[in-house]
Amino acid sequence: MPRFHIPSGVWNPDRLVLDSVESHHAFDVLRLKPGDRATVFDGEGTEAEVEILKRGKTGAELRKISVQKTAPLKCRITLAQAVPKGKNMDLIIEKATELGVAGIVPLLSERTVVRGSEGDHIRKRAKWQRVAVEACKQCGQNFLPQVAEPCTPKDFFARGDRFDLTFVASLQSDARPFKDILAESAANRPASVLILVGPEGDFTPAEISLAKSHGCRPVTLGPIILRTETAAIYCVSVLNHELQERGK
């Protein structure tokens, strides 16, 4: 069944409406018509089966048939990812969304090739958030990860976000395997985890030191040096496998 997103801020249980973007997808791309059924979700765990009523100038009106709530995952995983060149960030966001991350922070590290103005950052964030929405629609994920505006590692840590466990993928000699660190914290299952993944060539020593000073534990991803997009998917997959299960 086709899936569409209605943001929680405009989700009205008495009157569900698709915006112009989702309406275009429904009518012009998927060729749906009044009377067809679809699924809508708010990105915060609520999903509804609906019937499409009609298309208006600003969107499409829907009739609610049933509503259900999806329990959140036990652990909120945040991926802080150095922005790679090309369209690889789109791939990372898509796969991280499929793997259930709660947040994605694009990092402008010293070795990040792609830069830009504040306006560029705002536009990129909006584009990447849309990639996350499309991934949720495709894979049946009812929790939409929030993509932050690109920032430097220093600015990110200055925000003061708190996590139960924090990691930084590292090529340095003091990096340890995920399984060893997670085994040490097995008695206190974390409710929130942060993983930093650097650009091609890794974070600089200064950036690794900054991460360590904020409690990040260096983790090795094995004997083979991975591309940054592979490293991101690997890290989130390991954390997802080891820490996640639906709440009850």
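The values are calculated or read from the model by the stated rules, or taken from the named source; none is laboratory data. Quantities reported herein were computed from a predicted structural model and do not represent experimental measurements. Note: ideal-geometry Cβ built from the backbone for every residue, glycine included; neighbour counts use all protein chains shown.
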Positions within region 166-179 being surrounded by fewer than 16 Cβ atoms within 10 Å (Cβ to Cβ) and among the hydroxyl-bearing types (Ser, Thr, Tyr), in sequence order: 173
For residue 167, state whether it is modelled with pLDDT of 95 or more and assigned to a helix (DSSP H, G or I). no
Looking only at region 36-60, count every residue that is closer than 15 Å to residue 3 by Cα and either β-branched (Val, Ile, Thr) or over 28 Å from the mean Cα position of the chain (by Cα) (or both) and tell me the total. 7
Can you tell me which residue in region 151-165 is surrounded by the fewest Cβ atoms within 10 Å (Cβ to Cβ), limited to those that are out of contact with any Ser or Thr (no Cβ under 9 Å at 6 or more places or on another chain) and in contact (Cβ under 8 Å) with a residue 24 or more places away in the chain? 154
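Conditions (1) in contact with a helix residue (DSSP H, G or I) (Cβ under 9 Å, 6 or more places away or on another chain); (2) at pLDDT 95 or above; (3) of a type outside the set (Gly, Ala, Ser); (4) not in a strand (DSSP E or B), marked per residue:
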{"position": "31", "(1), (2), (3), (4)": "no, yes, yes, yes"}
{"position": "57", "(1), (2), (3), (4)": "yes, no, yes, yes"}
{"position": "71", "(1), (2), (3), (4)": "no, no, no, yes"}
{"position": "91", "(1), (2), (3), (4)": "yes, yes, yes, yes"}
Of all residues being out of contact with any helix residue (DSSP H, G or I) (no Cβ under 6 Å at 6 or more places or on another chain) and among the small types (Gly, Ala, Ser) in region 122-150, which is surrounded by the fewest Cβ atoms within 10 Å (Cβ to Cβ)? Just the residue, please. 126
Return only the number of the condition from (1) touching a residue at least 60 places away in the same chain (Cβ under 8 Å); (2) closer than 14 Å to residue 217 by Cα; (3) touching a helix residue (DSSP H, G or I) at 6+ places or on another chain (Cβ under 7 Å); (4) outside any helix (DSSP H, G or I) that residue 182 does not satisfy. (4)
Is one or more of the residues making up region 14-28 loosely packed, with under 15 Cβ neighbours inside 10 Å, hydroxyl-bearing (Ser, Thr, Tyr), at pLDDT below 95 and not in a loop (DSSP other than H, G, I, E, B)? yes
In region 1-13, which residues are part of a loop (DSSP other than H, G, I, E, B) and within 20 Å of residue 130 (Cβ to Cβ)? 2, 6, 7, 11
Which count do you get for residues in region 149-184 that are closer than 23 Å to residue 83 by Cα and out of contact with any Phe, Trp or Tyr (no Cβ under 8 Å at 6 or more places or on another chain)? 20
Scan of region 189-248 for residues that are surrounded by 14 or more Cβ atoms within 10 Å (Cβ to Cβ), in a helix (DSSP H, G or I) and free of Cβ contacts under 8 Å to residues at least 40 places away in the same chain, ordered by number: 230, 234
